[in-house]
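Novice: Here it is: the structure, laid out below.
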Amino acid sequence: MEPLRSAQKTDDRPVTSVRTRTGINDKWVGFFLLLPSLLAIAVFVYGFIGWTGYVSLSDWNSLLPRMNWVGLENYRALFQDFRFQSDLRNTLVFTLFFIAACLVTGLTLAVLLDRKLKGEHLFRNIFIFPMALSFIVTGVVWQWIFNPSTGVNLFLNKLGFEEPPVWYVDTRIIPGVEWGQIQFGIPLALIAVVIAAIWQMSGFTMAMYLAGLRAIPDEIREAARVDGAGEWQVFRKVILPLLRPITLSVMIIQGHISLKIFDLVVAMTGPGANFVTDVPGVYMFETTFRGNHYAQGAAIAILMLLMVSVLIIPYLVSSMRKEAD
Amino acid sequence: MKFKPGRIVTYLLLILAAAFFLTPVYVMVATSFKGLEEATLDRMWELPSSLNWESYAIAWEKLSPHLMNSLYLAIPATLFSALLGSINGYVLSKWRFRGSDLLFTLILFGMFIPYQSILIPMIRFLQEIQLYNSIPGLIFVHVIYGIPITTLIFRNFYAGIPDEILEAAQIDGNGILGIYRRIILPLSIPGFVVVGIWQFTQVWNEFLFAVTLTSTAQHPVMVALQNLSGSQIVQWNIQMAGALLAALPTLLIYVLLGRYFIRGLLAGSLKG
């Protein structure tokens, strides 16, 4: 466990800088060393985002770049679009299920592992290895496991289920309340994709929680036990509150991954019938690079960026503030 | 060793979880060794009757040029972005100036953006500088968007190096560059290992840039794998062999250098 712990410690240590004898020159040299990266980020992150924003306000919806100003027309069209409405529903459902499942799975595995077991190392490695794989590989393999006429369904057949679920080809949406043009609810097809995503990413949550659990001194648990708290109470009243910052980090990191999810869906299902497994990332890709609707694609991209920013910016600002203290 | 019922339940749960995590591996490996007539839907879970290497031969024939593309892509991209990250991390942790924390946060934001939001201008830009549909073009892109994460990891890493060492070197007459070359760089090997593994894995596994910025012959392996599974008749044994071939480099790294991989993982998560 040493690596996890040391990474943790390094992270928590306040950053200091060389104070004595700092030549004015050295500070300038330092700035110039940063300059190439700063310029690159300024141009290729912020400048290009601005450029994409500009494209999203134009009518460049063919192969030839044609930039007539149409204002928010592309955005208006998107929000009235059946496919994009489906995407927003899918993203919401996917994100909620994915984060909740990663938190529960990751915390459970971490708690189980945090008991000085034999073979801890092996189990830990098994739970994390999917992180080393690409979403494409994950998608290709899970596509077969959830193939309606084989895979898990062979098991379910043996267990006596006459009509097992058809997984990612299911078009039902539960409960399916009319909302705008779409049925609002949980698209059943998405469950298979969420399970594959959990398989890939919950090991990360486990690693974070395990590092967190190992950083809690035993004395704190002991003190609670001496005060007469049972194991469950120690966990709920002492350990869980101490793990809150980790839970927050996990939610933000897994959340931004699920808002951007693309490769896994491409490899596993694509948009799906009636767009039951479509997500903005896939829509943006298809509309821009298959349909040459650049302005519309740019508008989807900007909306994806806004969704991620709502999650990420407060987090970045607060961690910058914390560091300044 | 004491046997408590709690322990047994713990082990049972862990074994169950491990089975879930390993199932896709079993499916992938077992299927890849089957011949075409054996890799059928109803016999999916069975072990292959004999080790049939044919699917690997076919998958290798289709994927090997793209595996090479990925290699030519991932190695330079990793090296360049690690080098930039090391310099940035050094300045931002040891030579902080007014506004450097803000600049760092602005750099960091680049790590979280959906790359769709810069893709259209990037295509135009790469066409303009004649790097569209080329591995050097992809290297460029990965170096640029690797800056945030490599800077973050190195900054955290250098924060663990005591300032006293730097001060002593300063008294000996070293400036910012001398300290970097004589003190920091030699101490950076573990940092480079973590960043190198992390970046290599990321670049190797990346799909969106790969599929939009290159076409056929230049495709890195993940795009070729995706095309393999999207093609006419689905031959599961070849697909699974292909998936395994494409996954092998990062899996090997994980098996051999797993603890550095996890360190990078956690360092990438800001403040755990």
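Each value in this text was obtained by applying a stated rule to the coordinates, not by laboratory testing. Because the structure is a prediction, the values reported are computed rather than measured. When we count neighbours, we look across all protein chains shown, and the Cβ atoms used for this are built from the backbone with ideal geometry, even at glycine.
Novice: What residue among A:V282, A:V55, A:V29 has the largest mean-square fluctuation in a Gaussian network model of chain A, using Cα springs under 10 Å?
Specialist: Ranking A:V282, A:V55, A:V29 by mean-square fluctuation puts A:V29 first.
Novice: Only sites in a loop by DSSP and with at most 15 other Cβ atoms within 10 Å count here; which trypsin sites (Lys or Arg not before Pro) in region B:52-118 make the cut? Intermediate results must be reported in sequence, preceding the final value.
Specialist: Details: sites: B:K62, B:K94, B:R96, B:R98; in loops: B:R96, B:R98.
Sites meeting the loop and neighbour criteria: B:R98.
Novice: If you average over every viewing direction, what projected area does the convex hull of the Cα atoms of region B:1-99 give, in nm²? Display every interim value, and only then the final one.
Specialist: Details: hull surface 59.4 nm².
That works out to 14.9 nm².
Novice: Before anything else, pin down the relative contact order of region A:275-320: Cα pairs under 8 Å, at least 6 apart, normalised by residue count, whole percent.
Specialist: Relative contact order comes out at 29 percent.
Novice: Please tell me which of these pairs span more than 28 angstrom C-alpha to C-alpha: A:K158/A:K260; A:K116/B:K94; A:K27/A:K322; A:K158/B:K62; A:K237/A:K322; A:K118/A:K322?
Specialist: Result: A:K158/A:K260; A:K116/B:K94; A:K158/B:K62; A:K118/A:K322 exceed 28 Å.
Novice: Can you work out the FRET efficiency for the pair A:A42 and B:S49, with r the C-beta to C-beta distance and R0 = 56 Å, to the nearest 0.05?
Specialist: Computed FRET efficiency for A:A42 and B:S49: 0.40.
Novice: State, in angstrom, two size descriptors of the protein assembly as shown derived from its alpha carbons: Rg to one decimal place and Dmax to the nearest whole number.
Specialist: In order Rg, Dmax, the Cα atoms of the protein assembly as shown give 24.9, 80 Å.
Novice: In nanometres, what is the gap between the two model label sites at B:A168 and B:W60, each 7 Å from Cα along Cα-to-Cβ?
Specialist: 5.3
Novice: In percent, what relative contact order does region B:191-272 have, based on Cα pairs under 8 Å that are 6 or more apart in sequence?
Specialist: 42
Novice: Taking every pair of Cα atoms in chain A, average 1/r, invert it to obtain the Kirkwood radius, and report Rg/Rh to two decimals.
Specialist: Rg/Rh for chain A comes to 1.04.
Novice: Counting partner chain Cβ atoms within 10 Å of every residue's Cβ in B:242-248, what's the average?
Specialist: Taking all residues of B:242-248 together, the mean is 4.
Novice: Helix B:221-230 against the longest principal axis of chain B: what's the angle in degrees, Cα atoms only, rounded to the nearest 10?
Specialist: 30
Novice: Determine, for B:I165, B:I183, the number of other Cβ atoms within 10 Å of each Cβ, and report the residues in order from fewest to most.
Specialist: Ascending number of Cβ neighbours within 10 Å: B:I165, B:I183.
Novice: At a threshold of 8 angstrom on Cα-Cα distance, excluding pairs fewer than six apart, so keeping six or more, what relative contact order does chain A reach in percent?
Specialist: 27
Novice: So, one more: With +1 assigned to the C-beta of every Lys and Arg and -1 to the C-beta of every Asp and Glu, and no other charges, what is the dipole magnitude of region A:84-324 about the Cα centre in debye, to the nearest 20?
Specialist: 540
Novice: Would you give the gap between the C-alpha center of region B:204-238 and the C-alpha center of region A:183-213, rounded to a whole Å?
Specialist: 25
Novice: How crowded by other chains is A:86-92, given as the mean number of beta carbons from other chains within 10 Å of each beta carbon? Could you put the intermediate results ahead of the total?
Specialist: Numbers: counts 0, 0, 0, 0, 0, 0, 0.
Average neighbour count from other chains, rounded to a whole number: 0.
Novice: So, one more: Please give the calculated 222 nm ellipticity per residue for chain A, where each DSSP H segment of at least 4 residues contributes -39500 (n - 2.57) and the sum is spread over every residue; nearest 500 deg cm²/dmol?
Specialist: -20000 deg cm²/dmol, from helical runs alone.
Novice: Could you work out how far the C-alpha centroid of region A:230-295 sits from that of region B:104-139, in angstrom?
Specialist: Comparing the Cα centres of region A:230-295 and region B:104-139, I get a distance of 22 Å.
Novice: Translational diffusion coefficient of region B:53-270 at 4 °C, 1.567 mPa s, Stokes-Einstein with Kirkwood Rh over Cα pairs, in µm²/s as a whole number.
Specialist: So the translational diffusion coefficient is about 68 µm²/s.
Novice: What is the Cα centroid distance between region B:151-182 and region A:34-51, reported in whole angstrom?
Specialist: What the calculation gives is 27 Å, centre to centre.
Novice: Here is a follow-up. In debye, nearest 20: dipole of region A:200-284 around its Cα centre with unit charges on the Cβ of K, R (+) and D, E (-)? Numbers along the way, then the final one.
Specialist: Working: 7 positive and 7 negative charges, 24 e Å.
Around 120 debye, computed over region A:200-284.
Novice: Here's a follow-up. Count, for each residue of B:207-213, the Cβ atoms from other chains sitting within 10 Å of its Cβ, then give me the mean as a whole number.
Specialist: Neighbouring Cβ atoms belonging to other protein chains average 4 per residue here.
Novice: Kirkwood hydrodynamic radius (Cα pairs, Å) of region B:1-51?
Specialist: For region B:1-51, the Kirkwood estimate is 13.1 Å.
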